[in-house]
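Participant: Would you mind keeping the following structure in view while I ask a few things?
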């Protein structure tokens, strides 16, 4: 994929996506895959991790990826706003089911993975945990790191993984490989991307900045011990069927 400059992203019409460069930032990785699944054309640019990104900040109001913009509408960066925009632009390939019960399940699972105090939020808290007695890094300060929340992070991650694995086993008993219903939904795309926060894909599938890979490989033992193999089996199936591999970061 050809990456556009930030000036091109800002000044262009149509659909634009900004993701974090060379990092498996799951929010953006999932969005890109869902846009491609829906067959939407988009221009893609980069946010540079741990840099000021002044043009992105001035345009979108945030210095974090992903950011999505459609024509002259205001840029958006929250996972649910982006998902709703994608559904509006390509309703013929829905990732939120029409069935209300399943719709509630997909939105609930997606929020538990992507939202504040969710899976990604808590894994990020653990990753930026400073050595004892030291101040949070700039990365930690950016996301308002607090020891009280970090102390709860791993337990919350494990609780969600237990629930997701139980759901996948129940779905498998009904003949479905998906988290909800009988077809792929946003929940499947999100888990596939966010699973890299506990078991990162090999370099040939996820070619991240080599200097960052040890951070993603350093998953606490208590989380590693709680990972049911069905979670990674699901990730690998969704990645091979619905993502473009290797990931373009």
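Participant: What order do you get for 215, 1 when you list them from fewest to most C-beta neighbours inside 10 Å?
Facilitator: Numbers: 215 15, 1 10.
In order of increasing Cβ crowding within 10 Å: 1, 215.
Participant: So what are the stretch 5-99's ellipsoid semi-axes, whole angstrom, largest first, if each one is the square root of 5 times an eigenvalue of the alpha-carbon gyration tensor? Can you show the working numbers first?
Facilitator: On the way: eigenvalues 100, 40, 25 Å².
Semi-axes, largest first: 22, 14, 11 Å.
Participant: Evaluate the relative contact order of the stretch 100-242 (contact order divided by residue number), counting alpha-carbon pairs under 8 angstrom at least 6 apart; express in whole percent. Kindly include the intermediate steps, with their values, before the conclusion.
Facilitator: Numbers: 134 pairs, mean separation 38.1, N = 143.
Over the stretch 100-242, the number comes to 27 percent.
Participant: Can you give the three extents of the C-alpha atoms in the stretch 101-144 along their principal axes, from longest to shortest, in whole Å?
Facilitator: Here the spans come out as 47, 16, 9 Å, largest first.
Participant: To continue, here is another question. At a 10 angstrom cut-off on C-beta neighbours, averaged per residue, how do the peptides 30-41, 47-58 rank from highest to lowest? Present the calculation step by step, with values, prior to reporting the outcome.
Facilitator: Details: 30-41: 18.9, 47-58: 15.1.
Highest-to-lowest ranking by the protection proxy: 30-41, 47-58.
Participant: Springs between alpha-carbon pairs under 10 angstrom, Gaussian network model over the chain: which of 27, 59, 191 fluctuates most?
Facilitator: 59
Participant: Which value in nm describes the separation of the simple spin-label points at residue 132 and residue 241, placed 7 Å from the Cα toward the beta carbon?
Facilitator: 4.6 nm
Participant: For the stretch 15-77 and the stretch 93-120, write down the distance between their C-alpha centroids in whole Å.
Facilitator: 20 Å
Participant: Note the full-extension length gain between residue 52 and residue 228 as 0.36 nm times their separation in residues minus their Cα-Cα distance, in nm to one decimal. Walk me through the numbers before you get to the answer.
Facilitator: Values: separation 176, 0.36 × 176 = 63.36 nm, distance 3.85 nm.
Here the segment from residue 52 to residue 228 would lengthen by 59.5 nm.
Participant: Please rank 206, 84, fewest neighbouring Cβ atoms within 10 Å first, as an exposure proxy. If you can, show how the numbers build up before the last one.
Facilitator: Numbers: 206 19, 84 13.
Going from sparsest to densest Cβ surroundings: 84, 206.
Participant: In square nanometres and to one decimal, what's the mean projected area of the convex hull around the Cα atoms of the chain? Don't skip to the end; give the middle numbers.
Facilitator: Numbers: hull surface 53.2 nm².
The orientation-averaged projected area of the Cα hull of the chain comes to 13.3 nm².
Participant: What does a probe at residue 1 reach in the stretch 176-199, counting residues whose amide N is under 19 Å from the point 7 Å along Cα→Cβ?
Facilitator: Hits in the stretch 176-199 for residue 1 at 19 Å: 185-197.
Participant: Something else: By count of other Cβ within 10 Å, fewest leading, how are 243, 3, 145 ordered? The partial results should precede the final answer.
Facilitator: On the way: 243 23, 3 14, 145 18.
Starting with the residue having the fewest Cβ neighbours, the order is 3, 145, 243.
Participant: Given 5 Å bins starting at zero, what is the percent of C-alpha pairs of the stretch 125-249 in each, up to the one with the largest pair distance?
Facilitator: That works out to 2, 9, 18, 20, 18, 16, 10, 5, 2, 1, 0, in percent per bin.
Participant: Which order do the peptides 108-116, 146-154 come out in when sorted by mean C-beta neighbours inside 10 angstrom, highest first? Don't skip to the end; give the middle numbers.
Facilitator: Details: 108-116: 19.7, 146-154: 13.9.
In descending order of packing, they fall as 108-116, 146-154.
Since every read-out is calculated from the coordinates, none of them should be taken as a lab result. Everything numeric here is computed off the predicted structure, so don't read it as measured data. Using ideal geometry, Cβ is built from the backbone for each residue, glycine included, and neighbour counts are taken over all protein chains shown.
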